[in-house]
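Worksheet: the structure to be examined is printed underneath.
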């Protein structure tokens, strides 16, 4: 499947911080996810350009963007689905979905059977505060599945609400759209491949011509 319209995010946003969770075992499944061969973020060129604009805007305000996931191969989504349907392992439940059963993660929209990430223009990210040297407090961690992670969850501190609003408003201004169940997830509004679900692996070799 043609990856010619994709780039390594670090090549376009040099100050971007990356913690690609699905290349590690610290995620809601508890193991490296299929298709994540290197811990790097890949995006469509259009999305990378838009994200660079957002990153530059935030940098002036004292923040960097920290990315947890970007392009996600279709095989990784299949890994999620098979885990949800067939696998009885719930070792990461206390950390990522303590109040939900595995099957509810699909019904409530936290995990999709076809992911916008596989179209190459979706990104999961947070703010990194350069003044403190830490991630900004968003009120819940990345990939915590529960109401507290909904962008409009009201029972947050003023600081947490401000941080969520700053991230959301900046991403909106730069052409991205949010979803209603995850404060960290944004998709380029004018995505270049709206009907295509790619499956090349996450690694630098995928982008070599």
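The values are calculated or read from the model by the stated rules, or taken from the named source; none is laboratory data. What you are looking at is a predicted structure, and each value in this text was computed from that prediction instead of being measured. All Cβ positions, even for glycine, are placed from backbone atoms using ideal geometry, and neighbour counts span all protein chains on display.
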(message) Checking the structure you have, find out if any residue of the range 185-201 is closer than 17 Å to residue 16 by Cα and in contact (Cβ under 8 Å) with a residue 60 or more places away in the chain.
(response) yes
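Looking at the range 39-52, which of its residues are over 13 Å from residue 170 (Cα atoms), in contact (Cβ under 8 Å) with a residue 24 or more places away in the chain and either touching a helix residue (DSSP H, G or I) at 6+ places or on another chain (Cβ under 6 Å) or in a helix (DSSP H, G or I) (or both)?
41, 43, 45, 46, 47, 48, 49
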(request) Determine whether the range 161-174 contains at least one residue that is modelled with pLDDT of 95 or more and either over 21 Å from residue 135 (Cβ atoms) or not in a helix (DSSP H, G or I) (or both). (result) yes
(message) Suppose the filter is more than 15 Å from the chain's Cα centre (by Cα) and at pLDDT below 95; does residue 60 pass it?
(response) no
(request) Name the one entry in 82, 65 that is without any contact (Cβ under 8 Å) to a residue 60 or more places away in the chain and more than 20 Å from residue 146 (Cα to Cα). (result) 82
(request) Of the conditions (1) in a loop (DSSP other than H, G, I, E, B); (2) more than 24 Å from residue 21 (Cβ to Cβ), residue 181 clears all except one; give me its number. (result) (2)
(request) Scan 136, 76 and give me the residue that is touching a helix residue (DSSP H, G or I) at 6+ places or on another chain (Cβ under 7 Å) and surrounded by 21 or more Cβ atoms within 10 Å (Cβ to Cβ). (result) 76
